[in-house]
1. Which numbered condition in (1) surrounded by 14 or more Cβ atoms within 10 Å (Cβ to Cβ); (2) in contact (Cβ under 8 Å) with a residue 40 or more places away in the chain; (3) not hydrophobic (A, V, I, L, M, F, W, C) is the only one that Lys15 fails?
2. So which residues in segment 5-32 are in contact with a strand residue (DSSP E or B) (Cβ under 6 Å, 6 or more places away or on another chain) and either over 20 Å from Ala64 (Cβ atoms) or of a type in the set (Phe, Trp, Tyr) (or both)?
3. Could you tell me which of the residues Gly42, Gly66 is part of a helix (DSSP H, G or I) and more than 17 Å from Thr94 (Cα to Cα)?
4. Quick one: which of Gln57, Gln113 is outside any strand (DSSP E or B), among the polar types (S, T, N, Q) and at positive phi?
5. Please determine whether any residue of segment 22-42 is surrounded by fewer than 17 Cβ atoms within 10 Å (Cβ to Cβ) and farther than 27 Å from Pro99 by Cα.
6. Can you confirm whether Pro62 is surrounded by fewer than 17 Cβ atoms within 10 Å (Cβ to Cβ) and either modelled with pLDDT of 90 or more or farther than 17 Å from Pro12 by Cα (or both)?
7. From the set of residues in segment 1-24 that are out of contact with any Cys (no Cβ under 8 Å at 6 or more places or on another chain) and aliphatic (A, V, I, L, M), which is farthest from Pro63 (Cα to Cα)?
Amino acid sequence: MPTDRHTVSFNPDGKSVTVKAGTTLLTAARAAGVRIPVRCEGKMGCLMCKVTLEPPQAGVLPPAEGERRKLGGSLDAGTRLACQAKVCGDVSVTTPEDPLKRAVRLQLERQNQADDDFWR
């Protein structure tokens with residue numbers, strides 16, 4: 001029996017949410033407490049809400065012509081606009097890493113490597 005609710009999992013956050021079919025990935029992210037930056041509030045104007053689907057295109061409806069024009073060949077790699085991609089099945093989404101979190105993570109990795117080198 002088909003269901004109209006699907007699970008959207010967000011990486012690297014490790015969060016997931018169950019949403020109705022037709023919900024955009026941006027709305028699902030907000031419901032899960034996952035931050036995806038936008039300036040245009042979902043009108044496909046800023047292109048800041050790019051996410052990657054794993055596997056590509058699984059669990060979302062095919063892109064409309066506008067999204068296809070904006071993203072071009074990157075669609076083949078699984079890139080979609082979270083404000084436009086609508087859920088139609090369970091889907092795994094990778095969101096861009098927050099720049100501040102990325103800087104902290106890289107600094108910690110460098111420090112851990114330095115500590116490892118020191119104790120060898």
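The values are calculated or read from the model by the stated rules, or taken from the named source; none is laboratory data. Nothing here was measured: the structure is a model prediction, and the numbers come from that model. FYI the Cβ positions are ideal-geometry reconstructions off the backbone, even for glycines, and counts take in every protein chain you see.
1. (2) is the only condition that Lys15 fails.
2. The answer is Arg5, Thr7, Ser9, Phe10, Asn11, Ser16, Val17, Thr18, Ala31, Ala32.
3. Sole residue among the options that is part of a helix (DSSP H, G or I) and more than 17 Å from Thr94 (Cα to Cα): Gly66.
4. Numbers: Gln113 fails: at positive phi.
Among Gln57, Gln113, only Gln57 is outside any strand (DSSP E or B), among the polar types (S, T, N, Q) and at positive phi.
5. yes
6. Taking the combined requirement at face value, the residue satisfies it.
7. Ranking the candidates gives Met1 first.
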